[in-house]
Amino acid sequence: MAAKATILCVEDEGYLRQDLREELEEAGYDVLTAPDGKVAIERIGEKRPDLILCDVMMPEMDGLAFLTYIRSAMPALNDVPLIFLTARGMREDIVAGKQMGADDYLTKPVDYDLLLATVDAHLRQVSRVEELNRIRLQQIYQEVKRLRGSKEPLTISIVTGNPKVIAPIRGALLELGCKVRTVPEANLENGGSLFDDDSITILTYSEAVNRYLTRQAGTAGIGTSRRVLLAPPSMSAARKERLLETGLDDFIDYPYKPVDVFKVVMDRLQEVRLPSAQAAG
């Protein structure tokens with residue numbers, strides 16, 4: 001059975017917030033609620049929503065400020081549809097909201113049949129895009145393997161303290177035909193030679209991983225493994241810059257979607273292909 005989509009409802013009027021929850025839960029969705037934008041950001045930290053319903057006029061942080069924040073500071077949510085709920089259906093308000101990144105507008109009082117149809121349409125569109133991306137990336141992967149003239153799979157190690165976190169990534173890589181092993185982060189204390197023969201090493205960020213990268217600073221290029229970090233949503237750009245200085249090659253941002261993992265695999269395959277092509281020339 002497919003997992004339920006999670007809807008985040010941001011609405012300051014308590015009775016309407018409860019009505020939205022009940023209607024959406026009855027339609028089969030998991031529902032998170034928040035009375036304003038600030039609390040909504042906390043909810044997102046607890047669980048990533050698949051779609052956001054958001055009032056425009058709210059105290060503390062209103063809908064426009066919330067939209068501005070998540071579109072600028074939370075790039076991992078760029079593909080999450082945001083639908084404004086507003087009592088103000090003026091043309092200029094709708095244009096301004098869409099220019100800022102809103103995906104749709106619904107006016108109050110809420111027509112629940114229209115709301116459910118709109119939510120369903122946006123979620124189906126996201127699913128179609130994700131499936132097309134997955135198919136296209138698989139096609140590219142197979143083509144690059146053909147060009148390499150080799151059937152040897154990429155070897156990938158995933159370092160984690162919580163195997164459940166990386167289960168979707170591991171499944172996606174196995175589906176691509178990669179050879180994958182899960183490495184407990186405690187093994188990092190043994191040194192850097194653990195991964196030198198891997199094509200890619202994916203590290204789930206933790207204090208142990210941070211210490212490992214710090215110890216490995218300056219060793220980039222000694223082995224063949226491309227080092228990629230699964231970055232938590234709270235990681236700042238400045239922190240990423242410092243980690244890159246240790247020899248880290250790339251990041252995959254939360255929520256660690258398989259499509260982003262596939263892109264890392266494709267980059268690595270292209271790196272392998274380039275020396276082979278130069279040698280043949």
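The values are calculated or read from the model by the stated rules, or taken from the named source; none is laboratory data. Note that the coordinates shown come from a computational prediction; the quantities given were computed from them, not determined experimentally. Cβ sites come from the backbone with ideal geometry, for glycine too, and all protein chains shown count toward neighbours.
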Considering residues that are in contact with a Cys (Cβ under 6 Å, 6 or more places away or on another chain) and among the polar types (S, T, N, Q), the number found within the range 30-85 is 1
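Let's see how each residue does on (1) in contact with a helix residue (DSSP H, G or I) (Cβ under 8 Å, 6 or more places away or on another chain); (2) crowded, with 17+ Cβ neighbours inside 10 Å; (3) at pLDDT below 75:
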{"residue": "Leu194", "(1), (2), (3)": "yes, yes, yes"}
{"residue": "Tyr212", "(1), (2), (3)": "yes, yes, no"}
{"residue": "Ala217", "(1), (2), (3)": "no, no, yes"}
{"residue": "Lys240", "(1), (2), (3)": "no, no, no"}
{"residue": "Val261", "(1), (2), (3)": "yes, yes, no"}
State whether one or more residues within the range 74-93 are buried (at least 17 other Cβ atoms within 10 Å of the Cβ), over 21 Å from the mean Cα position of the chain (by Cα), at pLDDT below 75 and more than 27 Å from Lys257 (Cα to Cα). no
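Quick grid of which residues meet (1) of a type in the set (A, V, I, L, M); (2) modelled with pLDDT under 75:
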position: Val126; (1), (2): yes, no
position: Tyr141; (1), (2): no, yes
position: Gly171; (1), (2): no, no
position: Leu188; (1), (2): yes, no
position: Ile222; (1), (2): yes, yes
In the range 144-163, the residues that are at pLDDT 65 or above and either touching a Cys at 6+ places or on another chain (Cβ under 7 Å) or surrounded by 12 or more Cβ atoms within 10 Å (Cβ to Cβ) (or both): Pro153, Leu154, Thr155, Ile156, Ser157, Ile158, Val159, Thr160, Gly161, Pro163
Could you tell me whether the range 44-52 includes any residue that is modelled with pLDDT of 85 or more, of a type in the set (Val, Ile, Thr) and under 20 Å from Asp104 (Cβ atoms)? yes
Could you check the range 12-56 and list, in sequence order, the residues that are assigned to a helix (DSSP H, G or I) and touching a strand residue (DSSP E or B) at 6+ places or on another chain (Cβ under 6 Å)? Arg17, Leu20, Arg21, Leu24, Glu25, Ala40, Arg43
